[in-house]
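Peer 1: The structure's right below; bear with me while I get my questions together.
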Amino acid sequence: MTRFALYENEVAGKFSKRIATAARVVDESTLPKATQELVKIRASQINNCGMCLDMHTKDAAHNGETAVRLAMVAAWRESNVFNEAERAALALTEEGTRLADNNQAINEDTWAQVRKNYDDNQIGALISLIATINAWNRLNVIAGMVGGDYVPGQW
């Protein structure tokens with residue numbers, strides 16, 4: 001199924017390691033871990049990245065996320081299981097992931113909710129996270145990486 005051995009390739013492997021190193025800044029930030037996983041899951045759903053969905057849903061569940069919340073990520077607007085801050089992060093994730101489909105890029109109401117619920121360092125982490133997960137999604141989808149075999153904590 002894999003069309004290209006991305007992580008075994010010298011250039012792509014080096015690139016991936018650099019992205020992973022850069023992503024540690026977000027991991028070490030005060031942006032809540034649960035929010036980080038929700039953002040990764042939502043972007044991965046939009047981008048149809050099975051590998052990332054496999055990883056991040058399993059990691060989230062392993063870290064205590066409920067099955068109901070995981071099931072509702074795709075329909076977060078039509079649910080009552082996410083708090084105001086998480087909803088702001090999910091809206092920004094969708095708008096930041098769908099830049100080409102959105103005439104105004106980031107909606108000012110979305111941005112106001114992000115500003116209301118997060119401090120500057122958390123916003124910096126959120127923006128960086130959205131950019132990073134979109135990069136991972138694109139790497140994996142283009143290379144034809146598939147999900148299903150990930151074990152929590154594997155990477």
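The values are calculated or read from the model by the stated rules, or taken from the named source; none is laboratory data. Please read all numbers here as calculations on a predicted model, not as lab measurements. Quick reminder, even Gly has a Cβ in these numbers, built from the backbone with ideal geometry, and neighbours come from all protein chains shown.
Peer 1: Of all residues in region 21-34, which are part of a helix (DSSP H, G or I) and in contact (Cβ under 8 Å) with a residue 60 or more places away in the chain?
Peer 2: Listed by number, the residues that qualify are ALA22, ALA23, VAL25, VAL26.
Peer 1: Which residues, taken from region 136-155, are buried (at least 16 other Cβ atoms within 10 Å of the Cβ) and hydrophobic (A, V, I, L, M, F, W, C)?
Peer 2: Correct list: TRP136, LEU139, VAL141, ALA143, MET145.
Peer 1: What's the number of the only condition in (1) out of contact with any Phe, Trp or Tyr (no Cβ under 7 Å at 6 or more places or on another chain); (2) surrounded by 15 or more Cβ atoms within 10 Å (Cβ to Cβ); (3) over 15 Å from GLY153 (Cβ atoms); (4) not small (Gly, Ala, Ser) that THR30 fails to meet?
Peer 2: So the condition that THR30 fails would be (2).
Peer 1: Let me ask something additional. I need every pair where a residue in region 90-116 that is more than 14 Å from ILE133 (Cβ to Cβ) has its Cβ under 8 Å from the Cβ of a residue that is in a helix (DSSP H, G or I) and basic (Lys, Arg), sequence separation at least 6 or different chains.
Peer 2: GLN113/ARG87
Peer 1: Can SER16 be described as closer than 20 Å to ILE130 by Cα, assigned to a helix (DSSP H, G or I) and in contact with a His (Cβ under 9 Å, 6 or more places away or on another chain)? Give the steps one after another, and end with the answer.
Peer 2: Values: closer than 20 Å to ILE130 by Cα: yes; assigned to a helix (DSSP H, G or I): yes; in contact with a His (Cβ under 9 Å, 6 or more places away or on another chain): no.
Spelling it out, it is not the case that SER16 is closer than 20 Å to ILE130 by Cα, assigned to a helix (DSSP H, G or I) and in contact with a His (Cβ under 9 Å, 6 or more places away or on another chain).
Peer 1: Confirm whether ARG87 is modelled with pLDDT under 95, farther than 20 Å from TRP155 by Cα and not hydroxyl-bearing (Ser, Thr, Tyr).
Peer 2: No; evaluated as a whole, the condition is false for this residue.
Peer 1: Suppose we filter region 39-68 for residues that are under 23 Å from ALA5 (Cα atoms) and outside any helix (DSSP H, G or I); how many remain?
Peer 2: Adding up the residues that qualify gives 3.
Listed here are the residues, each with its yes/no results for (1) of a type outside the set (Lys, Arg); (2) assigned to a loop (DSSP other than H, G, I, E, B); (3) within 17 Å of ALA43 (Cβ to Cβ); (4) in contact with a Gly (Cβ under 7 Å, 6 or more places away or on another chain).
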position: ALA100; (1), (2), (3), (4): yes, no, yes, no
position: ALA105; (1), (2), (3), (4): yes, yes, yes, no
position: ASP109; (1), (2), (3), (4): yes, no, no, no
position: ARG115; (1), (2), (3), (4): no, no, no, no
position: LEU126; (1), (2), (3), (4): yes, no, yes, no
position: ILE133; (1), (2), (3), (4): yes, no, yes, no
position: LEU139; (1), (2), (3), (4): yes, no, yes, no
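Peer 1: Could you go through region 103-123 and let me know if any residue there is crowded, with 16+ Cβ neighbours inside 10 Å, under 28 Å from LEU6 (Cα atoms) and at pLDDT 95 or above.
Peer 2: No, the conditions are met nowhere in region 103-123.
Peer 1: Further question: Is it the case that some residue within region 69-89 is of a type outside the set (A, V, I, L, M), part of a helix (DSSP H, G or I), under 16 Å from ASN134 (Cα atoms) and in contact with a Ser or Thr (Cβ under 8 Å, 6 or more places away or on another chain)?
Peer 2: Scanning region 69-89 turns up no residue that is of a type outside the set (A, V, I, L, M), part of a helix (DSSP H, G or I), under 16 Å from ASN134 (Cα atoms) and in contact with a Ser or Thr (Cβ under 8 Å, 6 or more places away or on another chain).
Peer 1: Would you check which residues across region 1-12 are touching a helix residue (DSSP H, G or I) at 6+ places or on another chain (Cβ under 8 Å), part of a helix (DSSP H, G or I), modelled with pLDDT under 95 and surrounded by fewer than 17 Cβ atoms within 10 Å (Cβ to Cβ) and list them?
Peer 2: TYR7
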